[in-house]
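The values are calculated or read from the model by the stated rules, or taken from the named source; none is laboratory data. Every value quoted in this text rests on a predicted model; they were computed, and no experiment measured them. Here Cβ is always computed from backbone atoms with ideal geometry, including for glycine, and neighbour counts include all displayed protein chains. These accessible areas exclude ligands, DNA and RNA; they are computed on the full protein's heavy atoms, side chains included. Shrake-Rupley method; radii C 1.70, N 1.55, O 1.52, S 1.80 Å.
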Amino acid sequence: MTLQYRTNRHPHFRNRRGIAQVVTSAIILSSVSIMGVMMLGWSQTNIATQQQEMDDVFNTQMNKINEDLIFENIWFATPAGEMTENHLNVTVANIGVLGLNITSIQVTNTTGTNTTAFGYTYTDAGVVTGDSISLNTTYPWQSSDELDVRIFTNRGNQFLSQVVAP
């Protein structure tokens, strides 16, 4: 008895297997290309967002640097007229290149070991470049008190002056 070796490889099946490899390669290449284009688009959007955030931070910091106030005068007043307590009148001038808004004044008594601070908020205390503003704050000052007068702006800057009550 003789055994014959049979092959199931028909010429028709051999050609199909070769086409299947080409089709599979084409599908893989096209899917990789599509994913690459999608990743490129996503990265461009992400980079544009980060660039906008960096521009905003830079502009905010530059605006803070360009803000500048000087204290023109701080005078102490005793009760008179409508005012029933001692008070301070603080006059400041904007010498910066930008307009600014004063949001609060903090007066701190630094005399002795007990420091006390009083805060006063303002909602409409805008000062244009080259202009000045006077703000009145009720404060129970005593003669010879050493005071720190700190002004805060809406950009987060602080300006400090130190005075001694008469």
request  = Equivalent ellipsoid semi-axes for the stretch 79-166, as square roots of 5 times the alpha carbon gyration tensor eigenvalues: give them largest first, rounded to whole Å.
outcome  = 24, 15, 11
query = Looking at 152, 142, 105, which one has the Cα that reaches farthest to the positive end of the dipole of the chain (charges on Cβ: Lys, Arg +1; Asp, Glu -1)?
reply = 152
FRET efficiency, residue 78 to residue 115 (Cβ-Cβ, R0 25 Å, nearest 0.05) = 0.60
query = If you take the C-alpha gyration tensor of the chain, multiply each eigenvalue by 5 and take the square root, what semi-axes do you get, largest first, in whole Å?
reply = 81, 18, 11
request  = Measure nothing fancy, just the Cα-based angle from helix 11-65's long axis to the longest principal axis of the chain, in degrees from 0 to 90, nearest 10.
outcome  = 10
task = Using a 1.4 angstrom probe on heavy atoms only, work out the carbon and sulfur share of the accessible area of the stretch 68-165 in %.
result = 46
